[in-house]
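Remarks on the structure that follows.
Taken together, the values in this text are just the output of simple stated rules run on the coordinates, not laboratory data. Computed from a predicted structure; not experimentally measured. With ideal geometry, Cβ positions are generated from the backbone for all residues, glycine too; neighbour counts draw on all protein chains shown.
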Amino acid sequence: MVDAASGVIFSVGQLNRAVGRLLASEFPQVWVRGEISNFTQAASGHWYFSIKDEAAAVRAVMFRNRARLVGLTPRPGEQFEFRATVTLYEPRGDYQLQVDAMRRAGLGNLHEQFLRLKEQLTAEGLFDSGRKREPVAMPRAVGIVTSLAAAALRDVLTTLRRRAPHVRVVIYPSPVQGAEAASGLLAALEAAGTRGEVDTILLVRGGGSLEDLWCFNDERVVRAVAASPLPVISGVGHETDVTLADFAADVRAATPTAAAELCCRSRSRCLAQLQALARNLHALQTRHLQMASLRLDRAAAMLVSPGQRLAQRRQSLASLQQRLLRLMRQPAQGRGRLEVLAGRLRQASPDLQDRRLQVQRLSGDLQRLLEHRLQRQRARLSTLAQMLEALNPEGVLERGYALVWDAEGRVVRSMGQVRPGQALELQFSDGRVRAQAGGRESDTR
């Protein structure tokens with residue numbers, strides 16, 4: 001430390017930093033016992049509060065990542081033991097405690113057990129959200145695991161009678177506090193799971209201290225809740241109370257009353273849904289009847305009555321009788337017509353022998369015509385082959401002529417396409433040679 005005699009003058013910031021370093025070196029970590037006051041949980045999740053006793057108070061902060069491990073939300077007036085580092089908030093020059101762990105005063109061992117067991121079961125995946133089940137929305141019966149003398153039981157029964165009087169309730173009694181509570185809870189949970197008489201289990205108890213609620217932190221109870229064959233809704237304590245059974249349950253309710261509200265749909269909601277379904281069914285039936293009525297009307301319009309159909313048949317029969325009478329009166333005319341038709345049939349009958357001779361004659365004519373045409377086509381093909389051979393450029397080259405190509409591969413057809421010194425390529429019948437154009441000479445012939 002530099003004193004005033006040295007002549008060094010500190011700025012306020014320098015002084016606060018020096019004091020902060022001194023506090024950090026002298027008090028690296030301490031345990032402080034006191035009462036919570038002025039507790040505030042910020043939107044960031046950090047806790048800000050004061051720790052006081054009858055003689056003094058000190059400000060404290062607990063950051064979010066540490067606060068999440070506490071497992072409960074402290075209330076003003078409660079006594080705790082805090083593990084903290086003494087720090088100085090330099091902008092104001094106030095010293096404060098930076099808390100990294102806390103436990104109820106007098107129950108420190110229990111709280112440490114709570115944190116260790118929570119960490120162990122979390123690592124095992126016992127609290128994973130993926131293993132949570134949805135309770136049955138319309139249970140036939142609900143089981144309640146609690147003490148027969150608990151106020152929470154009365155609250156749950158009152159809520160169920162009001163919201164869902166149609167749901168049957170089965171109570172599995174068990175102590176919820178004391179040395180025998182954990183064994184009783186295990187037996188009640190096992191009975192509810194094996195009897196198969198309910199669809200959902202409510203595990204409920206009123207609020208209390210960590211020691212009062214400790215049976216719900218018993219490892220055997222927590223594992224039994226997680227392994228229950230039926231969905232479990234935990235409603236232990238008040239909203240700020242947290243137990244390991246809450247983490248293991250399929251649904252965690254803030255209070256026993258809230259657990260009763262979450263276990264099934266209310267009677268009023270069911271009636272409203274039934275009324276809506278009834279309205280939809282009535283509308284569907286009305287539309288169905290309307291469509292059936294329309295189809296019936298169309299079918300009735302197309303239907304002919306038996307009397308009308310009989311009248312039509314009688315009229316048709318009378319018409320046929322009249323035609324028969326007319327034919328019976330004209331037998332000679334009918335025989336004459338029959339003879340005419342027989343003559344026409346004889347004339348139309350073919351002479352098969354004559355037709356065979358005609359087919360043979362036509363086949364011979366066709367064969368001769370095809371041979372004559374084939375000879376003509378062969379002669380024409382030979383003539384065209386000779387013409388093609390005469391026009392073959394390779395034949396011309398064999399007679400001493402040559403084709404001239406420029407550098408771009410185009411055929412040179414006249415002297416005007418050639419410039420002096422231009423590269424040319426000459427094609428003979430047996431190959432090509434490169435050449436270079438000299439001077440031009442006009443044809444003097």
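What you get for region 396-436, charging only the Cβ of Lys and Arg (+1) and of Asp and Glu (-1), is a dipole of about 120 debye around the Cα centre. Label positions at Leu281 and Arg313, each projected 7 Å from the Cα along the C-beta direction, are separated by 4.7 nm. For region 234-310, the Cα-based Rg and Dmax, in that order, read 28.9, 91 Å. When peptides 363-371, 22-30 are ranked by their average number of other Cβ atoms within 10 Å per residue, the highest-first order is 22-30, 363-371. Derived scalar couplings between HN and Hα for region 228-235 equal 4, x, 10, x, 10, 10, 9, x Hz in order, rounded to whole Hz, by the Karplus curve 6.51 cos²θ - 1.76 cosθ + 1.60 (θ = phi - 60°), x for Gly and Pro.
Using every pair of alpha-carbon atoms in the chain, split the distances into 20 Å bins beginning at 0 and state the percent of pairs per bin, rounded to integers. Using 20 Å bins, I get a P(r) of 14, 20, 12, 8, 12, 25, 8, 1, 0 for the chain.
Distances between placed amide hydrogens fall under 5 Å for Glu81 paired with Arg103, Arg104, Ala105, all partners being 5 or more residues away or on another chain.
Dimensions of region 396-436 based on its C-alpha atoms, expressed as ranges along the principal axes with the largest first, amount to 27, 17, 15 Å. Estimated from helices alone, the mean residue ellipticity of the chain at 222 nm is -15500 deg cm²/dmol (sum of -39500 (n - 2.57) over DSSP H runs with n ≥ 4, per residue).
By the beta-carbon count within 10 Å of each Cβ, the least crowded to most crowded order of Leu213, Leu374, fewest first, is Leu374, Leu213. Site pair Gln98 and Leu262 shows an inter-label distance of 3.6 nm when each label is modelled 7 Å from Cα along Cα→Cβ. Within the shell defined by Cβ-Cβ distances under 13 Å, the residues around Arg267 carry a net charge of +4, with Lys and Arg each +1 and Asp and Glu each -1. Shown here is the pair-distance distribution of region 135-265: with all Cα-Cα distances grouped in 5 Å bins from zero up to the longest one, the shares run 2, 13, 25, 28, 21, 9, 3, 0 percent. Going 7 Å from the Cα of Glu90 along its beta-carbon direction, which residues of region 28-58 have the amide nitrogen within less than 19 Å of the resulting point? Once the point is set 7 Å along Cα→Cβ of Glu90, 28 turn out to lie under 19 Å by backbone N, inside region 28-58. For Arg140, nonlocal amide neighbours, meaning residues 5 or more places apart or on other chains whose placed amide H falls under 5 Å from its own, are Asp199.
With a cut-off of 15 Å between beta carbons, the residues surrounding Gly395 carry a summed charge of -3, where Lys and Arg count +1 and Asp and Glu -1. Separation of region 66-131 and region 147-177, taken as the distance between their Cα centroids, equals 33 angstrom. By other beta-carbon atoms within 10 Å, ranking Phe216, Phe247, Phe49, Phe10 with the fewest at the front produces Phe10, Phe247, Phe49, Phe216.
Between Leu341 and Arg33, residue separation times 0.36 nm minus the direct Cα-Cα distance comes to 97.5 nm. Length available on full extension from Val396 to Arg59: 0.36 nm per residue minus the Cα-Cα distance, which gives 109.7 nm. Hey, can you grab everything whose amide H is under 5 Å from the amide H of Gln96? Only 5+ residues off in sequence or another chain; H modelled, so Pro and N-termini drop out. Those lying under 5 Å, H to H, from Gln96 are Thr87, Leu88, Tyr89. Summing charges over neighbours of Leu69, with a neighbour being any other residue whose Cβ is under 14 Å away from its Cβ, gives +4 when K and R count +1 and D and E count -1.
Region 200-217 to region 370-433: how many Å between their Cα centroids? After rounding, the separation between the Cα centres reads 111 Å.
Please arrange Ser183, Ser414, Ser147 by counting, for each residue, the other beta carbons lying within 10 Å of its beta carbon, fewest first.
So the residues, fewest neighbours to most, are Ser414, Ser183, Ser147.
Ratio of Rg to Rh for region 9-106: 1.00 [Cα atoms; Kirkwood radius as inverse mean 1/r over pairs]. Computed 3J(HN,Hα) for region 195-200, one whole-Hz value per residue from the Karplus formula 6.51 cos²θ - 1.76 cosθ + 1.60 where θ = phi - 60°, is 5, x, 9, 10, 9, 9, glycine and proline marked x. Here the simple spin-label model places points 7 Å from the Cα toward Cβ, and for Leu424 and Glu180 these points are separated by 12.9 nm. Gain on full extension, evaluated as 0.36 nm per residue between Leu381 and Leu303 minus their Cα-Cα distance, stands at 20.3 nm.
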